[in-house]
Amino acid sequence: RYNPDLIISNAYFNHDLDIPVVFISMFVNDDDEYKLFKAINEMDRKRRKQDFSLMIKELVDDEFFFYNYDAKNYEEVIEVMCDNLYKKSRVEKGFKQSAFEREKMAYTSFHYGYAIPHSLEYLTIKSTISIMTLKKPIQWGNYQVQFVMLLAIKEDDKDILRVFFDWFSCICDDTLLLSKVIQAKTSKELIEVIVL
């Protein structure tokens with residue numbers, strides 16, 4: 001039995017399968033190529049979303065989730081998050097110092113109100129994403145930040161980063177989703193919001 005991802009046909013037909021169909025002309029033209037690229041891009045987007053949904057459930061946990069934290073500055077945020085990861089044996093001793101060195105090179109904050117700190121080196125024992133929502137925005141480089149995702153990823157799991165940044169680039173354009181993410185009070189709530 002065949003399980004196709006996509007059906008391409010030059011004859012119109014009706015079906016009730018959960019498989020996308022692209023109808024093209026007998027002599028493939030530019031419009032047909034556009035329809036094919038669009039269908040393939042949509043399939044890639046859905047696959048990345050599924051990959052991210054599976055990945056985030058493994059990486060985010062209430063042990064590493066700080067809701068409504070009252071921080072004075074970004075240094076305190078990194079310190080608290082890294083110390084927690086170290087205390088719970090998720091990262092090696094040099095992880096925090098490496099994360100601070102990364103900030104010295106260039107701040108990991110974005111104008112969307114996010115920061116994504118991480119270490120320069122792979123110093124992770126178990127891949128984890130630590131989350132912190134802040135009671136009030138803090139200055140982080142050139143931007144005001146209220147939501148922090150500290151990435152602690154093992155070298156063996158570095159493909160996770162591509163999936164993560166694919167998701168992040170999509171979420172940045174969705175202000176409603178951004179506000180829901182910031183309002184999540186637990187890791188479970190956060191996961192429910194971002195895997196919709």
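For the reader, a short list of remarks on this structure follows.
- Surface/4 estimate of mean projected area, convex hull on alpha-carbon atoms of the chain, nm²: 14.6 nm²
- Cα long-axis angle, helix 159-171 against the chain (0 to 90 degrees, to the nearest 10): 80 degrees
- Trypsin sites (Lys or Arg not before Pro) restricted to DSSP loop in region 132-196 with at most 16 other C-beta within 10 Å: LYS154, LYS158, LYS185
- Cα Rg, Dmax (largest Cα-Cα span) when computed across region 130-171, Å: 12.7, 36
- Those trypsin sites (Lys or Arg not before Pro) in region 11-105 that DSSP places in a loop and that have at most 13 other beta carbons within 10 Å: LYS72, LYS93
- Rg/Rh for region 42-110 (Cα atoms only, Rh after Kirkwood) is 1.06.
- Choice from ALA39, ALA152, ALA99 with maximal GNM fluctuation in the chain (Cα, 10 Å cutoff): ALA39
- Compactness ratio for region 17-77: Cα radius of gyration over 2.2 N^0.38 Å (N = residue count) comes to 2.06.
- Per-atom-type breakdown for region 53-174 gives carbon and sulfur 48% of the accessible area (1.4 Å probe, protein chains only).
- Working from Cα pairs under 8 Å separated by at least six residues, relative contact order for region 1-95 is 14 percent.
- Degrees between helix 95-105 axis and first principal axis of the chain (Cα, 0 to 90, nearest 10): 80 degrees
- Within the chain: Cβ-based charge dipole about Cα centre, in debye rounded to nearest 20 (Lys, Arg +1; Asp, Glu -1): 560 debye
- Accessible area in square angstrom per residue, region 4-87, 1.4 angstrom probe: 70 Å²
- Computed from Cα positions, the angle between helix 74-87 and the longest principal axis of the chain comes to roughly 90 degrees.
The values are calculated or read from the model by the stated rules, or taken from the named source; none is laboratory data. Everything numeric here is computed off the predicted structure, so don't read it as measured data. In this analysis, Cβ positions are derived from the backbone assuming ideal geometry, glycine residues included, and neighbour counts consider all displayed protein chains. Accessible surface areas use protein heavy atoms only, side chains included; no ligands, DNA or RNA. Shrake-Rupley method; radii C 1.70, N 1.55, O 1.52, S 1.80 Å.
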